[in-house]
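These notes are about the structure you will find just below.
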DNA sequence: TCAGGCACTTACAAAATAGTCAGTACTGGA
DNA sequence: TCCAGTACTGACTATTTTGTAAGTGCCTGA
């Protein structure tokens, strides 16, 4: 055991951010704590099931923290831990790059779609 | 159509880097062009099939370029395009973060494994 | 009263991803 | 001659991940 080391830091990151929606969830939490429903609306296209599943995994991994207000119509919030916050910082350059190349990437998606059709 | 826009740059990036090995492949190519076999050895654990499949997708997306030396025992190399190189830069902070938290993350992986067993 | 929201859970189906194994056409070395 | 290596391709299977749809218990507002 303990030979679970990575030959590249990236591999390590992917271990905890490997999930279709996880990077998005973490990113949206940089704006402060959010309720489950808020996240569902922010990360459009994620199903409720996946959101909650990923939220649970991120919590288990210590990236985010679940705060239960113990109110009767349930009120729960999620926020980044320090660990998660430092991870979220590494996401910023990617996000910027993506925003910058937005159009190019959208074009790629179209190209793929038509290639798939053909 | 053309409403294929993203509400976050991250979404755009994930469109082209969404694939278990793609970030690793891109990252390893920052060190210069590599042959298929070299990459297979660098990205340990990737199967030949997946490597080639991802390589093809990255090529189609304009992130990398395939150079065929047209020699008889096949000789092919892959290198980053300018587009790919700029993308690879955004990976660096993540990689660093991963390297830094390497131990913590390895521990998480163990914890997950034992949780799965129980 | 009744719909709707909250934060989930469960069962199940579909799709994406991954892996194994064989085969191609060719060369170079033992 | 036979084996290994090069860069692939394709068939087939397995695993993982994701999605859909329904249900739970409780409360609030119309």
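So the values come out like this:
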read-out	value
Any hit, segment B:30-53, residues being more than 14 Å from DNA strand D (Cβ to nearest atom) and farther than 30 Å from residue A:84 by Cα	yes
Residue B:27 being more than 14 Å from DNA strand D (Cβ to nearest atom) and surrounded by 13 or more Cβ atoms within 10 Å (Cβ to Cβ)	yes
Answer residue from segment B:108-118, given it is more than 9 Å from chain A (Cβ to nearest Cβ) and under 16 Å from residue A:61 (Cβ atoms) and is modelled with the lowest pLDDT among those	B:116
Odd one out for residue A:84 among (1) surrounded by 15 or more Cβ atoms within 10 Å (Cβ to Cβ); (2) closer than 17 Å to residue B:96 by Cα; (3) out of contact with any strand residue (DSSP E or B) (no Cβ under 8 Å at 6 or more places or on another chain)	(3)
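The values are calculated or read from the model by the stated rules, or taken from the named source; none is laboratory data. What you see is a predicted model, and the numbers here were worked out from it, not measured in a lab. Virtual Cβ from ideal backbone geometry, glycine too; neighbours counted across all protein chains shown.
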